[in-house]
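Right, one structure below, let's go through it.
The values are calculated or read from the model by the stated rules, or taken from the named source; none is laboratory data. Please read all numbers here as calculations on a predicted model, not as lab measurements. No Cβ is skipped: glycine too gets one built from the backbone with ideal geometry, and neighbour counts run over all protein chains shown.
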Amino acid sequence: MDFIILILLANFAGINSISTVKKVTVRKGETIIIPCHYREAYRSNNKIFYGYWDRWHFIVNSKYMSRLERVSISDDPDQTVFTVTMKNMGATDEGLYQCDIENNSYGNEYQNVYILVEDFPTLYVHSQVETGYVDGGVTINCYYSNYGVRKWCRIDGRCVYQSYRYSDGMRVDTSTDANKGVFKVIMRGLQLKHTGWYYCSVGDLQMPVHITVKQNTYTQRTITQQPAIKTTIIRTTITVDDLSSTSTTNKTNTPNGFSLTLLLGLLGLLLLVVICGTLTLIRLKKRRRDAGPDEAFSQRKTTATLQNSQEDTEVTYSMIAMTPSKNAADDTHGDVTYSTVVTHNRGLRKSLRYQVADVIYSEVATK
């Protein structure tokens with residue numbers, strides 16, 4: 001009778017002492033992490049992970065080396081959870097496994113989990129490890145293709161269903177997009193104590209996710225004032241269209257009105273140049289107006305002289321024979337004979353009114 005009572009106590013202890021997911025799915029060739037949560041009384045106990053193929057086979061424990069290189073175990077006494085990581089899952093890895101804790105007093109504590117290996121997992125997440133910060137939030141998307149109740153739970157069994165409520169001091173919101181098959185979980189107001197394992201559940205399937213909450217880090221910057229520098233480098237760009245100026249100044253202890261003074265000086269210089277140019281144009285126009293028509297006539301005369309000087313003038317000379325007159329004694333002017341010279345260049349007559357100095361003389365011979 002006492003023996004039967006001990007067996008019943010051991011079974012009840014095994015059921016209540018370890019909590020984990022019941023059934024998970026994983027894609028072929030990928031990795032799955034199985035968390036096993038235990039009571040604080042078993043922090044120092046040996047943790048074991050078994051696999052069942054026609055009988056239970058030891059795979060790995062926390063005190064000995066793993067029998068399989070792609071399977072490892074890690075124990076976190078502070079979080080009272082040990083995890084088993086199985087890499088490169090294949091079809092032969094599908095089956096029933098067991099989280100186990102050695103207990104020499106009442107027998108081992110255990111909890112079973114079934115791992116289903118599929119080409120297209122029925123329930124999955126992109127990453128089983130997420131990170132958040134104190135007073136911040138984190139979002140988890142669980143993709144599913146099955147039916148059933150959807151909920152978000154801690155590994156120890158506390159769950160939030162499709163509606164939201166405050167859980168352990170944080171706010172958890174859940175929503176579902178049935179068309180896309182997404183069960184969305186948002187955790188807000190995170191604190192360090194919220195670090196741990198959770199899982200999303202749809203129907204009879206679960207997918208564990210670890211949330212790591214970190215403290216925000218702030219970088220304090222110290223500004224040290226540098227000594228005054230004499231050299232000042234100024235780059236100024238002035239746009240005349242909208243009379244706006246942009247200046248980039250690398251300087252130390254320079255007055256704020258320096259850029260405005262420089263701008264006003266440049267504008268004053270530009271105005272002075274415009275005024276000088278205007279006065280010069282006015283003076284030139286006045287000089288042309290005072291010159292009048294005489295100067296224009298002089299210019300036309302000079303032009304006509306230059307044109308006529310280029311023409312070759314043909315002159316014909318005539319020989320004149322003189323016969324003494326009978327009344328020569330009475331003629332007081334008998335020694336002078338006047339002759340007329342005819343030029344063949346008609347243009348010369350036209351130009352005589354302009355060429356005053358052109359005089360033609362003829363040679364007279366007397367006998």
>> From the list 128, 162, 111, exactly one residue is modelled with pLDDT of 95 or more and not hydroxyl-bearing (Ser, Thr, Tyr). Which is it?
In response: 128
> Given region 58-170, what strands (runs of 3 or more DSSP E) lie entirely inside it while holding 2 or more residues that are crowded, with 16+ Cβ neighbours inside 10 Å and within 44 Å of the chain's Cα centre (by Cα)?
Replying inline: 81-86, 129-133, 137-144, 150-154
>> Conditions first: (1) closer than 30 Å to residue 177 by Cα; (2) touching a Gly at 6+ places or on another chain (Cβ under 8 Å). Residue 140 passes all but one, so which condition is the exception?
In response: (2)
